[in-house]
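Below is one structure; the comments refer to it alone.
Values quoted throughout were computed directly from the atomic coordinates according to the rules given, and no laboratory measurement underlies them. Just so we're clear, the structure is a prediction, and the values are computed from it rather than from any experiment. A quick note on method: Cβ atoms are made from the backbone with ideal geometry, for glycine too, and the neighbour counts reach across all protein chains shown.
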Amino acid sequence: MLYVSPYKLAYWLITLFNICFMKRILVVNNDIDTMTLLKTWLEKKAYLVQYTGDQEKVDQIMKKFSPELVIVDILQKDVVKQLKDQEKTSSIPVLLMTGYTLREHQNDVPADDTIEKPFNLSLMERKIENLTNGIAAH
């Protein structure tokens, strides 16, 4: 007979509960330092995170991971257009990270919200919370 201590059982139940209710975010960025920073920070904020720097893998990840938000770097703006053009993914909010001023690409990329780099983490957190809770950007 298999014995599982009550503490281990409680740990696994809490972990399973958290995974079921954690919001999923996909980060698309070809800068490994930025991706690592965002992944670590988002996981500490209790999000499930997948990331890729390869635009070709976005469709595959979208199908398997079903994110509730996609964070994309401006250098990979084709990903935003691709997501917004597909019926299955057009309603998923996209947060665009850019090192340019917002006016330079405001009408070029159909993102739901934008944040300028270097970004303020508390501002990013508010934007992520708003987008994952269905609150439109102003």
Pull out a ≥ b ≥ c, the square roots of the eigenvalues of the alpha-carbon gyration tensor of segment 29-85, then state rounded if a/c is under 1.5, prolate if not and a/b is larger than b/c, and oblate in the remaining case. oblate
Going through segment 46-103, which GluC sites (Glu not before Pro) have at most 16 other Cβ atoms within 10 Å and a DSSP loop state? Glu87
When the chain is fully extended, how far beyond the present Cα-Cα distance does Lys8 get from Asn120, taking 0.36 nm per residue of separation? 36.5 nm
Can you list residues from other chains, or at least 5 along the same chain, whose modelled amide H is less than 5 Å from the amide H of Thr114? Leu96
Say the dipole of the chain comes from +1 at the beta carbon of Lys and Arg and -1 at that of Asp and Glu; which of Ala111, Met35, Ala10 then lies farthest toward its positive end? Ala10
Which entry in (i) 60, 28, 27; (ii) 55, 28, 25; (iii) 64, 31, 29 is this structure's computed Cα extents along the principal axes in Å? (iii)
Give the calculated FRET efficiency between Phe65 and Ile135 to the nearest 0.05, with a Förster radius of 25 Å applied to their Cβ-Cβ distance. 0.65
Using Cα atoms only, what is the angle between the long axis of helix 6-21 and the major principal axis of the chain, expressed in degrees (0 to 90) to the nearest 10? 20
Contour minus end-to-end for Glu87 and Leu75, with contour as 0.36 nm per residue of separation and end-to-end as the Cα-Cα distance? 2.0 nm
Taking amide H atoms as placed 1.01 Å from N in the peptide plane, list the residues 5 or more away in sequence, or in a different chain, whose amide H sits under 5 Å from that of Tyr51. Val27
